[in-house]
1. Once you charge only the Cβ atoms, +1 for Lys and Arg and -1 for Asp and Glu, what is the size of the charge dipole of the chain about its Cα centre, to the nearest 20 debye?
2. Taking the highest mean first, how do the peptides 58-65, 13-20 order by number of other beta carbon atoms within 10 angstrom per residue?
3. Want the number for LYS79 to LEU376: 0.36 nm per residue separation, take away the alpha-carbon distance, what's left?
4. Could you work out [θ]222 nm for the chain from helices alone, using -39500 (n - 2.57) per DSSP H run of at least four and dividing by all its residues? Round to the nearest 500 deg cm²/dmol.
5. Quick one: net charge of LEU330's neighbours, Cβ under 15 Å, K/R +1, D/E -1?
6. Using the Kirkwood formula on the Cα atoms of the stretch 50-111, what hydrodynamic radius do you get, in angstrom to one decimal?
7. Over the chain, average the accessible area per residue using a 1.4 Å probe and give it in Å², no decimals.
8. Where does each of ARG194, ARG34, ARG254 land when they are ordered by accessible area, with a 1.4 Å probe and the largest first?
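The values are calculated or read from the model by the stated rules, or taken from the named source; none is laboratory data. Given the structure is predicted, the values throughout are model-derived calculations rather than measurements. Here the Cβ positions follow ideal geometry from the backbone for every residue, glycine too, while neighbour counts run over all protein chains shown. For the accessible areas, the whole protein counts, side chains as well, though only heavy atoms, and no ligand, DNA or RNA atoms are used. Shrake-Rupley method; radii C 1.70, N 1.55, O 1.52, S 1.80 Å.
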Amino acid sequence: MDNSRAQWGSKLGFILAAAGSAIGLGNIWKFPGRAYEGGGGTFVLIYLCMVIFFGIPLMLTELSMGRASQANVVGCFRKMGHKGWSWVGWVGVLGAFIITCYYSHVGGWVLRYVYSYAVEAPEVYGDPLGYFYNTLGLAADETTHFPWVAIAFAALFMLCNAVVIIRGVEGGIEKFNKIGMPALFMILVILLVRAVTLPGAEEGLKYMLSFDWSKVNFTTVLSALGQAFYSLSIGMAILITYGSYLPRSENLHRNTVLICTMDTLVAILAGFIIVPAVFATLGADHVGKGGGFAFVSLAGVFQQMPGGRLFGVLFYLLLLFAALTSCISLIEGIVAFLTEHFNWKRTPTTIITCAVMFLIGCLYTCSQAAYPLKGLWLDAVNGLTHPAFCDAMEYLTDRLMIPFCALGCCLFVGWAWKPESVIAEVEHNGVHFGLKKVYTVIIRFVAPLAIMIILGMSIFGGITLS
Ligand code: PHE
């Protein structure tokens, strides 16, 4: 059976696909805003430490679990002889399922904006907030309508994902990433040159290179850690699946470092594009993060910059590639599990799961502005609350499921499967793993403790860090 399992066709293919999973909306629209809030260069430095101390060890752990077991995220625990830990995998797949429901819709909005900037830029510039809300079903006169534009583009986005997934690991995911990732890097460089050559960009650059330790507190550090997890696609069991397609001849350690470096580089470059561009056009205090910032505030930036419309199209294309390659990895994690666990066929499984996730995602888009759909949320500070359905979905994954699955992986590897198994997996083909001891201490003690603090802050402090 194992012989028939899909494998990456080449090392480069795997690296690009894993980097594609990691490099996503988190890098481009969350990181710059967080870096700004956290004091520019100071945050970047803290973030780098988080990637080195937690990101690399955890990514190495997930990839090793996948490669050693050659199985999907739930099946891997049984294959490693610890069936009782399968719940960690279930949390991972369920988390990936919920994230895909909304990630695919946000991807659809991004696709819509590629079109908007190519065809209707003056309309966006005229009233960016109104344009955005109108797409989501709330008109300027406060009347609401079904957000069919956003939903139609989300359907198209999901269709692109499904086509890639159906074509398989090597013929679909790997091929797509081999085109998408170089395109993403190219656009990034073009935007970087544009941003740093804007008159007034020096202030932003200076800020990104400055160190202001007075802005740093405990929350900044944890926020950098949450960002690192999300950005590296850790805690979603995706990397277990991607690792399982990796031949045993590959050097896990080197590949992990490379993937983390690429992801971090893109986040930092995005910071060096967005912060200086906003400083130069709208002014320092307009740097923000998330959808409202990417879809609304940035319109002002593109409007004021020479050649802004072209750079607008390029920016949303960048987001589109980032979102597609991440969404593909989320869906692959789910499809690999369903096809292996239930012995289902790949094509119908992909079509049905994508359709279901798209439909659930419609509630996400509809609850943004068009309809007052509410979700449920419970934490120790605010008790039982009814946030908008879309927010509740994000809380569930970002505040609970990602840290929970990451914690499960650390505890599993630290105490059940044992760090020695990861070390053996890394070293099996003669590679020397120099920092074994440090790795062991991190995976057994430091990482679980840090994640427990994040979980505690979510449940008892009512705050989100990712
Ligand atoms: N890492 C992706 C980003 O930065 C998001 C993601 C999380 C993708 C988990 C897959 C799994 O946007």
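1. With only Lys, Arg, Asp and Glu charged at Cβ, the dipole is about 1240 debye.
2. Ranking, from highest mean packing down: 58-65, 13-20.
3. That works out to 103.3 nm of additional length.
4. Values: 22 runs with 304 residues, N = 466.
Taken over the chain, the calculation gives -21000 deg cm²/dmol.
5. Taking every Cβ under 15 Å from that of LEU330, the sum is -4.
6. In the stretch 50-111 this quantity evaluates to 13.3 Å.
7. 38 Å²
8. Highest to lowest solvent-accessible surface, that is ARG254, ARG194, ARG34.
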